[in-house]
Amino acid sequence: MADKDRILFVDDEQSVLDGFRRRYRKEYHVQTATSGSEALQRLSEEKPFSVVVADMRMPEMDGVEFLSKAREKQPDAVRLMLTGYGDLDTAISAVNEGNIFRFLTKPCPDEQLSQALADAVEQYHLVIAERELLQQTLQGSIKVLTDILSMSNPAAFSRGMRIKRYVSGIVHTLQLQKPWQYEVAAMLSQIGWVTLPEATSDKVYSGKELDAAEQEMFNTHPEIARSLIAHIPRLEKVADMVKNQHLTMDRVGQSKEAAMADPGLFGGHILRIANDFDTLRSYGYTCGHAVEELRKKEKKYSAAVLDALGSLPLEEKRKVITIPVRELSEGTLLAEDLYDRNGVLLLARGQEVTAALRQRIKNLYRKKSLDEYVKVETRT
């Protein structure tokens, strides 16, 4: 049996609330509050409500003020205003400030209120269903892009996964809003590598110096990645971060306020630091020494971001073991590069095996195109 939709009624008259509870307790899970402050506490502490119904005239906090604050606590809850003050100004204020779904005047006939509640519940389910569909579409799009990158350019995919780890720690340490945007930007930051010639990609991966033409090609990869990402719903800001991943500190400032003012710029700078940090790690620097090396260029990097990066527990103790290639499972972390017998890089060291890569390896193993054993990492 499906759970009943939760409805919160807010009115300073207990008798009115008791009437609502008796009338609707069979259809809905009814909760009540006699003040805006009590109702806001419920919205903060309890499970999501489908609908919030508030009276206009209440002491300390009127219905418009309450519903505007309720929207911040539970933005998906559909809000109704029920009041004896049916003037136009009140209605306009309620709609504009509280984003009201319906404005009902008292006394409100039972049939009218019942229909309004039913419509509000339907609206709530539509909002939730649309959001879930969009979320699934978003996750599916990201997975397709990363799976393609993991097979077409394992080095770039591996770098992106490492950068995601650094960025995730930085963003959570700095308590930036919408951390998922920064994490997705990190995962997709290297997707522009798909346009690079294999020889150029190999030189970047191995840390070799690029000639002028190769450097020019490499410098275009953030813009190419942006163009691939920008048209995916909800990833517009992610695309800006990816485009700006070569930005130095003087373009964004050092403070969290700068991040909130333009996360596309600040997120790009975080990616810049994560990229440069990963490059130093590939040269053999420890995490601590890599951060200190970046600190030497104080005008180039944000001190706040470097402090956050330096505080992360990145150097986990891991044990390297050798296993048969056929036993590679999804989630396994490679301790060495995996090549086929033609010298094509299939998986980069530090890369996590995905379902798509596991199938590819399985097919190549059947064709005897791989060595029999590979080194992997396990946590100690």
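The values are calculated or read from the model by the stated rules, or taken from the named source; none is laboratory data. Computed from a prediction, not measured in an experiment: that's the story for all the values here. Positions of Cβ are backbone-derived with ideal geometry, glycine not excepted, and every protein chain shown enters the neighbour counts.
So residue 285 fits all but one of (1) surrounded by 14 or more Cβ atoms within 10 Å (Cβ to Cβ); (2) hydroxyl-bearing (Ser, Thr, Tyr); (3) closer than 24 Å to residue 177 by Cα; what number is the exception?
Unmet condition: (3).
So residue 75 clears everything in (1) under 29 Å from the mean Cα position of the chain (by Cα); (2) modelled with pLDDT of 90 or more; (3) not in a loop (DSSP other than H, G, I, E, B) except one condition, right? Which one?
Among (1) under 29 Å from the mean Cα position of the chain (by Cα); (2) modelled with pLDDT of 90 or more; (3) not in a loop (DSSP other than H, G, I, E, B), the lone unmet condition for residue 75 is (3).
For residue 171, are the conditions met, namely being modelled with pLDDT of 85 or more, assigned by TED's automatic domain parsing to the domain that holds residue 242 and farther than 24 Å from residue 201 by Cα?
Spelling it out, residue 171 is indeed modelled with pLDDT of 85 or more, assigned by TED's automatic domain parsing to the domain that holds residue 242 and farther than 24 Å from residue 201 by Cα.
Out of the residues in the stretch 172-197 that are crowded, with 24+ Cβ neighbours inside 10 Å and under 12 Å from the mean Cα position of the chain (by Cα), state the one that is farthest from residue 337 (Cα to Cα).
182
Would you mind stating whether residue 301 is of a type in the set (Phe, Trp, Tyr) and within 26 Å of the chain's Cα centre (by Cα)?
For residue 301, the condition - of a type in the set (Phe, Trp, Tyr) and within 26 Å of the chain's Cα centre (by Cα) - is met.
Only one residue in 290, 355, 308 is closer than 25 Å to residue 204 by Cα and within 30 Å of the chain's Cα centre (by Cα). Which one?
Residue meeting the stated conditions: 290.
Does at least one position in the stretch 272-279 carry a residue that is part of a helix (DSSP H, G or I) and within 20 Å of residue 148 (Cα to Cα)?
no
Working only within the stretch 237-257, note down all residues that are loosely packed, with under 14 Cβ neighbours inside 10 Å and either under 18 Å from the mean Cα position of the chain (by Cα) or in contact (Cβ under 8 Å) with a residue 24 or more places away in the chain (or both).
250, 255
Can we say residue 365 is hydroxyl-bearing (Ser, Thr, Tyr), at negative phi, buried (at least 16 other Cβ atoms within 10 Å of the Cβ) and part of a loop (DSSP other than H, G, I, E, B)?
Judged against the criteria, residue 365 is not a match.
Could you check residue 289 against (1) outside any helix (DSSP H, G or I); (2) farther than 23 Å from residue 175 by Cβ; (3) without any contact (Cβ under 8 Å) to a residue 60 or more places away in the chain and say which number it fails?
So the condition that residue 289 fails would be (1).
Among the residues of the stretch 28-52 satisfying the criterion of being assigned to a loop (DSSP other than H, G, I, E, B) and in contact with a Leu (Cβ under 8 Å, 6 or more places away or on another chain), which is surrounded by the most Cβ atoms within 10 Å (Cβ to Cβ)? So that I can check it myself, show each step before the final result.
Filtering the stretch 28-52 for residues assigned to a loop (DSSP other than H, G, I, E, B) gives 28, 34-35, 46-50.
Subsequent filtering for residues that are in contact with a Leu (Cβ under 8 Å, 6 or more places away or on another chain) retains 28, 34, 49.
Details: 28: 21, 34: 17, 49: 25.
Among them, the one singled out is 49.
Are any residues in the stretch 203-258 of a type in the set (D, E, K, R) and either at pLDDT 85 or above or in contact with a strand residue (DSSP E or B) (Cβ under 6 Å, 6 or more places away or on another chain) (or both), and if so, which ones?
Correct list: 209, 211, 214, 216, 223, 226, 236, 237, 240, 243.
Sort out which residues of the stretch 123-135 are surrounded by 12 or more Cβ atoms within 10 Å (Cβ to Cβ) and within 22 Å of residue 28 (Cβ to Cβ), and write them in order of number.
Matches in the stretch 123-135: 123, 124, 125, 127, 128.
Is it the case that residue 211 is surrounded by fewer than 16 Cβ atoms within 10 Å (Cβ to Cβ), closer than 24 Å to residue 156 by Cα, acidic (Asp, Glu) and out of contact with any helix residue (DSSP H, G or I) (no Cβ under 8 Å at 6 or more places or on another chain)?
Criteria met by residue 211.
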